[in-house]
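Have a look at the structure below before the remarks.
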Amino acid sequence: MRYPIMLFLGFLTTGAAFPAIAANISPNGAKIELGHRLFYDADLSRDGSMSCATCHEQRHAFSDGNPTHPGVTDEDGIRNVPPLANVGQFHTLTWINQHVITLEDQFFIPLSGHHPVEMGMTDMPELARRLSTNSCYRVLFSKAFPEKNIPIDVRSVAQAVSAFERELISDKSPWDLRLSGATRSQTNGKRIFFGKGKCSSCHQPPLFTDQEFHALSTSYSEPIRTPSLRNAEVTAPYLHDGSAPTLREAILAHPRSNLLSQNELIDLVAFLKLLTDRNFLSDASLGLPSEECPISTQ
């Protein structure tokens with residue numbers, strides 16, 4: 001198991017101690033634990049330099065914090081890295097392609113896609129060989145996929161990572177908990193979001209996305225999937241190409257933004273901060289796992 005060096009520099013919740021897993025763990029439980037470890041493992045990339053978590057950082061709600069992210073070949077990325085909060089509830093999973101509708105299928109786009117190259121792993125026997133050398137993986141794969149004679153293959157990897165991603169649930173923001181203490185600006189922003197601004201026509205609760213594809217303006221040639229606004233405060237920059245560095249500029253990229261005053265823009269941004277789930281951003285059970293195997297390999 002190889003964790004990218006950046007994960008040890010404080011960018012993520014690191015080295016958390018987790019309780020040992022019972023030997024009689026269910027296949028689904030083993031699949032989630034396995035997927036958690038694979039999500040952070042750079043051995044999934046061609047040169048061992050990138051994991052899923054390289055681009056999907058917990059502190060950014062499992063997005064990146066950059067306009068785009070280069071892959072193992074240093075080729076420039078094309079799309080902004082989307083956050084993964086509640087991704088298990090999505091039925092559309094990329095900015096542009098409307099036909100990728102399962103996490104298991106989406107997994108192969110960063111793993112082995114060519115335009116652009118991200119993780120660059122196209123040698124699937126080599127991937128299986130790498131993972132097979134790890135005794136913890138051997139045990140977890142066998143428990144996660146007891147029906148398979150040879151459980152370590154790329155399809156099982158995709159299923160396990162997807163099982164972990166379905167655990168990335170963000171539902172404890174101030175908005176969800178109906179906490180008191182919203183500022184006047186946030187209250188005004190809520191009225192604008194659900195009223196004059198018509199933001200909720202596309203960004204519908206509870207996911208704050210309709211998961212549909214829309215032409216944002218005449219400057220974009222293809223319909224773009226509506227992103228979720230959950231944790232938007234920490235997922236800058238914005239839009240599919242990362243061209244909007246702030247929430248204000250992302251709002252101004254929308255056709256109806258010219259109907260809002262400067263104060264209304266300020267209030268709308270303030271409201272969006274009520275969608276930040278601090279528990280999700282710091283939950284150690286979703287962060288970098290301990291290198292110690294949580295289950296006996298004997």
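Listed highest first by mean packing, meaning other Cβ atoms within 10 Å per residue, what order do 116-126, 252-262 come in? Before the final figure, lay out each step's value.
Working: 116-126: 17.6, 252-262: 12.4.
Put in order of decreasing packing, that is 116-126, 252-262.
What GluC sites (Glu not before Pro) does region 214-298 have in DSSP loop regions with at most 16 other beta carbons within 10 Å? All intermediate terms of the calculation are to be shown ahead of the outcome.
Values: sites: 233, 249, 264, 291, 292; in loops: 291, 292.
Hits after loop and neighbour filter: 291, 292.
Do you know the relative contact order of region 69-135, to the nearest whole percent, from alpha carbon pairs under 8 angstrom that are 6+ apart? Working shown, then result.
Numbers: 62 pairs, mean separation 19.7, N = 67.
Taking the mean separation of contacting Cα pairs over the length of region 69-135, I get 29 percent.
Would you list, by chain and number, the lysines whose Cα falls below 20 Å from the Cα of residue 196, excluding same-chain residues fewer than 8 positions away?
Reachable lysines: 273.
Each residue of region 134-149 in order: what ³J(HN,Hα) in whole Hz does its phi give by Karplus 6.51 cos²θ - 1.76 cosθ + 1.60, θ = phi - 60°, with x for Gly and Pro?
9, 5, 5, 4, 4, 5, 5, 4, 5, 7, 6, 10, x, 7, 9, 5
Just need log10 I(q)/I(0) for region 102-145 at q = 0.23, 0.28 Å⁻¹, Debye formula, equal scatterers on the alpha-carbon atoms, no solvent, rounded to two decimals.
For region 102-145, the Cα-only Debye profile gives -0.88, -0.96.
With unit charges on the beta carbons (Lys and Arg positive, Asp and Glu negative) and the dipole taken about the Cα centre of the chain, which residue among 214, 192, 251 sits farthest to the positive side?
Value: 192.
Just subtract the alpha-carbon distance of residue 172 and residue 114 from 0.36 nm times their residue separation and send over the number in nm, one decimal. Provide the component values of the computation, followed by the final result.
Working: separation 58, 0.36 × 58 = 20.88 nm, distance 3.72 nm.
Stretched out fully, the residue 172 to residue 114 stretch lengthens by 17.2 nm.
Quick one: net charge around residue 54, please, counting Lys, Arg +1 and Asp, Glu -1 for every other residue with C-beta under 10 Å from its C-beta. Don't jump to the answer; show the numbers that get you there.
Details: positive: none; negative: 57, 64, 118.
Net charge in that neighbourhood comes out at -3.
In whole percent, and with a 1.4 Å probe on the protein chains, what portion of the accessible area of the chain is carbon and sulfur? Mind dumping the intermediate values first?
Values: 7430 of 14000 Å².
In the chain, the share of accessible area belonging to carbon and sulfur is 53 percent.
Once you compute Rg and the Kirkwood Rh from C-alpha atoms, what is the Rg to Rh ratio for region 119-257?
Values: Rg = 21.3 Å, Rh = 18.9 Å.
Here Rg/Rh amounts to 1.13.
Once you treat every alpha carbon in region 251-298 as an equal point and sum by Debye, what is log10 I(q)/I(0) at q = 0.15, 0.33 Å⁻¹?
-0.62, -1.17
Would you kindly enumerate the cysteines in the chain that have no other Cys beta-carbon under 4.7 Å from their beta-carbon?
Cysteines lacking a close Cβ partner in the chain: 52, 55, 199, 202.
Please state the charge dipole magnitude for region 59-153, taken about the Cα centre, from unit charges on C-beta atoms (+1 on K and R, -1 on D and E), reported in debye and rounded to the nearest 20.
On the way: 7 positive and 11 negative charges, 90 e Å.
Magnitude of the dipole: close to 440 debye.
Could you compute the net charge surrounding residue 242? Neighbours are other residues with a C-beta less than 13 Å from the C-beta of residue 242; K and R count +1, D and E count -1.
Details: positive: 79; negative: 64, 76, 241, 249.
Within the 13 Å Cβ shell, the charges total -3.
If you average the sequence gap of Cα pairs under 8 Å that are 6 or more apart and divide by the length of region 64-107, what percent do you get for the contact order?
Working: 40 pairs, mean separation 10.6, N = 44.
Once divided by the residue count of region 64-107, the mean separation gives 24 percent.
Sorted by average packing, counted as other Cβ atoms within 10 angstrom per residue and highest first, what order do 94-102, 191-199 take? Display every interim value, and only then the final one.
On the way: 94-102: 13.9, 191-199: 16.7.
Top to bottom by mean Cβ count within 10 Å: 191-199, 94-102.
Stokes-Einstein diffusion coefficient for the chain at 4 °C in a medium of 1.567 mPa s, Rh from the Kirkwood formula over Cα pairs: what value in µm²/s? It would help to have the intermediate numbers written out before the result.
Details: Rh = 20.2 Å.
My calculation gives 64 µm²/s for D.
Compute the distance from the alpha-carbon center of region 52-102 to that of region 223-256, in whole Å.
14 Å
What per residue convex hull volume, in Å³, do the alpha-carbon atoms of region 60-116 yield?
On the way: hull volume 4.7 nm³, N = 57.
Hull volume normalised by residue count: 82 Å³.
If a/c stays under 1.5 just call it rounded; otherwise compare a/b with b/c (prolate if a/b is bigger, oblate if not). Do that for region 210-291, with a ≥ b ≥ c from the square roots of the Cα gyration tensor eigenvalues. Numbers along the way, then the final one.
On the way: a/c = 2.69, a/b = 1.55, b/c = 1.73.
It is oblate, given that a/c is not under 1.5 and a/b is not larger than b/c.
Got the relative contact order for the chain handy, in percent, Cα pairs under 8 Å and 6 or more residues apart? Please report the intermediate quantities before stating the final value.
Numbers: 553 pairs, mean separation 79.8, N = 298.
With pairs under 8 Å counted, the relative contact order is 27 percent.
Before I look further, what does region 155-298 give for accessible area per residue, probe 1.4 Å, in whole square angstrom? Display every interim value, and only then the final one.
Values: 7050 Å² over 144 residues.
Accessible area per residue, region 155-298: 49 Å².
Counting helices only, and only those DSSP H runs with n ≥ 4, report the 222 nm mean residue ellipticity of the chain as the sum of -39,500 (n - 2.57) divided by its residues, in deg cm²/dmol to the nearest 500.
Numbers: 12 runs with 94 residues, N = 298.
Theoretical 222 nm ellipticity from helices: -8500 deg cm²/dmol.
Under a 5 Å amide H to amide H cut-off, with H placed in plane at 1.01 Å, what residues pair with residue 63 once short-range neighbours are removed?
57, 84
Which of 270, 29, 136 sits farthest toward the positive end of the charge dipole of the chain, with +1 on the Cβ of Lys and Arg and -1 on the Cβ of Asp and Glu?
Farthest along the dipole direction, towards plus: 270.
The values are calculated or read from the model by the stated rules, or taken from the named source; none is laboratory data. The structure displayed is predicted, hence computed values, not measured ones. FYI the Cβ positions are ideal-geometry reconstructions off the backbone, even for glycines, and counts take in every protein chain you see. Accessible surface areas use protein heavy atoms only, side chains included; no ligands, DNA or RNA. Shrake-Rupley method; radii C 1.70, N 1.55, O 1.52, S 1.80 Å.
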